[in-house]
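The values are calculated or read from the model by the stated rules, or taken from the named source; none is laboratory data. Being a predicted model, the structure only gives us computed values, none of them experimental. Note that each Cβ is placed from the backbone with ideal geometry, even for glycine, and that neighbours are counted across all protein chains shown. Heavy atoms of the whole protein, side chains included, go into the accessibility calculation; ligands, DNA and RNA do not. Shrake-Rupley method; radii C 1.70, N 1.55, O 1.52, S 1.80 Å.
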Amino acid sequence: QVQLAESGGGLVQFGGSLRLSCVFSGNGFGLNALGWYRRAPGKLRELVAEIVIGGTTNYADSVKGRFTISGDNAKNGVYLQMNSLKPEDTAVYYCKVRRFSIDFWGQGTQVTVSS
């Protein structure tokens with residue numbers, strides 16, 4: 001079992017920045033991927049950014065060039081730096097850790113971008 005705790009959400013104006021943090025329990029053994037997803041009102045949850053351990057880093061087309069995902073093995077953390085935020089980025093953002101091919105999710109943090 002992996003427990004996750006997200007922080008860093010909030011209200012920001014158009015063009016502003018936020019940094020989301022996620023700290024998870026356990027250690028790095030068996031990790032497959034670290035990622036951020038989001039669910040906007042009335043929409044399905046979608047991938048924002050993902051680090052595949054030992055592989056690639058993937059971004060949704062809508063956030064490429066604006067968002068950056070990073071991980072810190074020493075701190076069991078995964079972060080999402082979000083710049084040039086737009087109202088359409090408004091959503092609940094979820095951290096996901098895949099360990100031994102099992103997905104574990106955080107409870108989400110609200111990001112609201114005002115126009």
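Label positions at residue 86 and residue 64, each projected 7 Å from the Cα along the C-beta direction, are separated by 1.4 nm.
What the phi angles of region 30-36 give under the Karplus curve with 6.51, -1.76 and 1.60, with θ = phi - 60°, is a coupling list of x, 5, 9, 6, 10, x, 10 Hz, glycine and proline written as x. Heavy-atom accessible surface of residue 39, to the nearest 10 Å², is about 110 Å², with a 1.4 Å probe and all protein chains retained. Using C-alpha pairs under 8 Å with a sequence gap of at least 6, the mean separation divided by the residue count of the chain gives a relative contact order of 37 percent. Taken over the chain, the ratio of Cα radius of gyration to 2.2 N^0.38 Å equals 1.01.
Straight Cα distances below 20 angstrom link residue 86 to the lysines 43, 64, with same-chain residues fewer than 8 positions distant left out. These residues, 115, 25, go from largest to smallest accessible area, 1.4 Å probe, as 115, 25.
Here's how it looks for residue 33: its modeled amide H is under 5 Å from those of 53, 98, which are all 5 or more places away or on a different chain.
Taken per residue, the accessible surface of region 19-112 reaches 51 Å², heavy atoms only and a 1.4 Å probe.
Computed about the Cα centre, the dipole magnitude for the chain is approximately 40 debye when only Lys and Arg (+1) and Asp and Glu (-1) carry charge, each at its Cβ.
Excluding same-chain neighbours fewer than eight residues apart, the aspartates and glutamates reachable from residue 96 by a Cα-Cα span under 20 Å are 6, 46, 50, 61, 72.
Within the chain, antiparallel bridges make up roughly 90 percent of the DSSP beta bridges whose residues both belong there.
Largest accessible area first, the listed residues 72, 89 line up as 72, 89 when surface is computed with a 1.4 Å probe on the assembled protein chains.
The dipole here belongs to region 18-68: it is taken about the Cα centre, uses +1 on the Cβ of Lys and Arg and -1 on the Cβ of Asp and Glu, and is about 240 debye. Built from the Cα atoms of region 17-69, the convex hull projects on average onto 4.8 nm², one quarter of its surface area. Here the chain exposes an accessible surface that is 49 percent carbon and sulfur, computed with a 1.4 Å probe and the other protein chains kept in place. The gain in end-to-end length when the residue 32 to residue 112 segment is fully stretched comes to 25.8 nm, 0.36 nm per residue minus the alpha carbon separation.
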